[in-house]
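Here's the structure, in structure tokens; my notes come after.
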Amino acid sequence: MKNYIFIIIALITISSCENELELSSPSQLTAAGFWDTEEGALTAHTGLYANLRSEAGDLWLLGEMRSDIWGGRTYESPFNESLIESNITVATAPFGGWAGLYTLIHRVNDFLTNVPNVSFNDESDKNHLLGQAYGLRALYYYTLLKTWGDVPIILEPLTDVNPEGLSRERSSQAEVMALIKSDIEASLNAFGSDNSFWEGGRVFWSKAASLALKGDVYIWSGNLLNGGNSDFTEAKTALQQISSLGVSLVPSISGLWGVENETNEEFIFAIQYKRDEASNIYNSLTGRSTEINPQYNDAGESMSDFIIAGANRYGQSEKTLFLLDDSDDARKDATFIRLYTDDNGGLGYQTYDESKYFGSIFKKFLGRVDGSERIFENDVPVYRYADVLLLLAEAKNLLGEDPSGEINQIRQRAYGENYSPGIHAYVNSTQADNVNAILEERYKEFIGEGKRWWDLRRAGNNYVINNISYLSAGEEYKLLLPITTDMIGRNPLLNQTPGYTD
């Protein structure tokens, strides 16, 4: 218990110092005695995931909010419009302090420095923990690279209270990508032949998670950093291994979402939420009973008994409404509850009707109802097997191979008994057509999961410009974010992201 309290104090101390790379106190985890026992290491391991969960909201915003999914009608004041509209300048730069990602990295660095020196009753447990830590650090640096391009590299724990020793220049994307790939290999080497999920759950990093990340990373590197076919082949090989690790598609969408389904075999790595411990962020995509209860869903059913106490700060765009306007596709009803101002004479609105549309409730992570309260405790996947299949489709397409098999696995699951090969099956086409088909399938599959912006970016700049109405040719520099003037003031070795001027 004392160690648990210590780790919470350490988390609070570090989290309160989020002027990244300018922290003025050494890591709390280097305190004498903390790393002397396996118990201390396991407590620190718990802290790694607590830190990750604390930044989940920013990770979601970074991966999705600049895409074409959101920006539609809300029934409360909308949030993050500047991100949705890519209205970003140096003066309004979002995510000061690198979105807290270096706080997460500093924690992992402590772990990787100290755990190898700790004696474990079972050394395979130590190796599994190290595999997890290297995988998490690769994930964090990958997020930094995708968001800002060149970023500082720091691999040692913070023990120096001298601010001058904490200032770092931005390393090139090539150098950062090399580190990411190195950490992925270190993770896979640590896991070795251990394909298990820690404590039997999917809320800790695993070998399957490192392979999923490897596929993602190598497609990005191959397509955007000149890695070419060798990187695409590495991605394909990694992704193809995952199906043998106890991971598979659930048979139907109905078995994927909901608190009761969060132990499914499709989730590879998910962020855990529990009542009285932490709630996920998705109540901001729902609303309050006072707004919802007078409305009707698209089946014409009254919402008068719907229990909710959230906020409606993000609304699906009209593009999203039309994209999912197919009642044969189970993802339509699994993703949103569409609200209308009347019941259309009891018939409801099976297709979108703008004149009667009130707004939407995001449904994937609605938690559960306990009496008069809704508890937002869904685990939220970072990687799931549908992601792996469509990443594999990307890798195959980039190698000039046929990606239709993977696309059709996703479509068959989505349409279920409604699936008709003559109507729904995708047939291999040109490489450009295949990219668009994969992007559209990923759009429908991963709404709300923090994927769409990264998917467009990974496909290439032209796919971003062609899909995001707020960006035009000549504004490609906006695909990376600027850093704040305050960050540069605190770390004079930093240079502004190219393309942005004061």
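Peptides 339-345, 318-324, 284-290 ranked from most to least packed by the mean count of surrounding Cβ atoms within 10 Å: 284-290, 318-324, 339-345. Projected onto its three principal axes, the C-alpha set of the range 270-335 covers 37, 30, 20 Å, listed from the longest axis down. Modelled spin labels at ASN226 and GLU39, positioned 7 Å past Cα toward Cβ, are 5.5 nm from each other. In the chain, the portion of solvent-accessible area held by carbon and sulfur atoms comes to 47 percent [1.4 Å probe, whole percent, DNA, RNA and ligands not counted].
Length available on full extension from ASP402 to ASP502: 0.36 nm per residue minus the Cα-Cα distance, which gives 31.3 nm. The modelled label-to-label distance between GLU475 and SER372, using points 7 Å beyond Cα along the C-beta direction, is 4.7 nm. Taking every alpha-carbon pair under 8 Å whose residues sit at least 6 apart, the chain reaches a relative contact order of 20 percent.
When peptides 377-384, 299-306 are sorted by average Cβ neighbour count within 10 Å, with the highest value leading, the order is 377-384, 299-306. Checked against a 24 Å cut-off, the cross-linked pairs LYS181/LYS207; LYS146/LYS396; LYS236/LYS451; LYS236/LYS478; LYS214/LYS478; LYS236/LYS319 give Cα-Cα distances beyond that limit for LYS236/LYS478; LYS214/LYS478; LYS236/LYS319. In this structure the range 187-310 gives 41 Å² per residue of accessible area when probed at 1.4 Å with all protein chains present. Classify the range 348-502: rounded, prolate or oblate, from the alpha-carbon gyration tensor (a ≥ b ≥ c, eigenvalue square roots; a/c under 1.5 rounded; otherwise prolate if a/b is larger than b/c)? In terms of gyration-tensor shape, oblate. Starting from the Cα of GLU85, move 7 Å in the Cα-to-Cβ direction to define the label point; list residues of the range 448-485 whose amide nitrogen is under 17 Å from there. Backbone N within reach: 468-472. FRET efficiency for the pair GLU123 and GLU156, taken as 1/(1 + (r/R0)^6) with r the Cβ-Cβ distance and R0 = 22 Å, rounds to 0.35.
Model label points for LYS356 and TYR419, set 7 angstrom from Cα along the Cα-to-Cβ axis, are 3.3 nm apart.
Based on the alpha-carbon gyration tensor of the range 337-412 and its eigenvalue square roots a ≥ b ≥ c, which shape applies: rounded if a/c is under 1.5, prolate if not and a/b is larger than b/c, or oblate? Oblate, since a/c reaches 1.5 and b/c is not below a/b. A protection proxy built from the mean count of other Cβ atoms within 10 Å ranks the segments 206-216, 489-499, most packed first, as 206-216, 489-499. Can you tell me the FRET efficiency between THR341 and ASN462 if r is taken as the Cβ-Cβ distance and R0 is 30 Å, rounded to the nearest 0.05? That pair, THR341 with ASN462, gives E of 0.15.
With an a/c value under 1.5 for the gyration tensor axes a ≥ b ≥ c computed over the alpha-carbon atoms, the chain is described as rounded.
The values are calculated or read from the model by the stated rules, or taken from the named source; none is laboratory data. If you're wondering where the values come from, they're calculated on a predicted model, not measured in any experiment. A quick note on method: Cβ atoms are made from the backbone with ideal geometry, for glycine too, and the neighbour counts reach across all protein chains shown. Just the protein is used for accessible areas: all its heavy atoms, side chains included, with ligands, DNA and RNA removed. Shrake-Rupley method; radii C 1.70, N 1.55, O 1.52, S 1.80 Å.
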